[in-house]
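Enquirer: Sending over a structure as structure tokens; questions will come in a sec.
The values are calculated or read from the model by the stated rules, or taken from the named source; none is laboratory data. Treat the numbers as computed from the prediction; the structure is a model and nothing was measured. Glycine gets a Cβ as well: all are built from the backbone with ideal geometry, and neighbour counts include every protein chain shown.
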């Protein structure tokens, strides 16, 4: 299932996307997430993404972000289940490769992933937890129609000190999302 949100399309993650995941492990993309992962950690994450995309989408799905019409892979995005404040919700996260940033691609991909999560009709809310120090990702949340609920602390990666994040939430049962 590919979903288009001009100027991008999101396509389900596959075995062939390991190179893209290595590219998204760049220091400038991982600085708000505890730094780049080891090659072993990237391989494990890739295996989780492949498995998530092979399972029933009720638990979520990972996607590669492609430019329309060329199909060039420019980033990653997905949604997955988590328990947050006693509620089963979806969480989303994304990364757009540095040469493609600043073009609205993350916002477009996020709007597409909202539609994918909404179509599941499994959970009412979709959350995003960008670092409070990441203005670009916080801007994506705002443009995609998420509402800021405040700051929180999340342990990411697991086993590291909690990072200060903003808790953004989108109601998947509410109609529509902004187009820009």
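Enquirer: Being buried (at least 16 other Cβ atoms within 10 Å of the Cβ), touching a residue at least 12 places away in the same chain (Cβ under 8 Å), in contact with a strand residue (DSSP E or B) (Cβ under 8 Å, 6 or more places away or on another chain) and closer than 24 Å to residue 7 by Cβ: is that true of residue 89 here?
Expert: no
Enquirer: Still on this structure, please answer the following. From the list 117, 144, 108, 128, exactly one residue is within 19 Å of residue 63 (Cβ to Cβ), buried (at least 23 other Cβ atoms within 10 Å of the Cβ) and touching a residue at least 60 places away in the same chain (Cβ under 8 Å). Which is it?
Expert: 108
Enquirer: Scan (1) within 18 Å of residue 113 (Cα to Cα); (2) part of a strand (DSSP E or B); (3) modelled with pLDDT of 90 or more for the single condition residue 83 breaks and write down its number.
Expert: (1)
Enquirer: Let me ask something additional. Please specify each residue of region 43-80 satisfying the condition of being part of a helix (DSSP H, G or I) and either under 24 Å from residue 147 (Cα atoms) or free of Cβ contacts under 8 Å to residues at least 24 places away in the same chain (or both).
Expert: 44, 47, 48, 51, 54, 58, 59, listed by residue number.
Enquirer: Over 16 Å from residue 170 (Cα atoms) and at pLDDT 95 or above, is that true of residue 105?
Expert: yes
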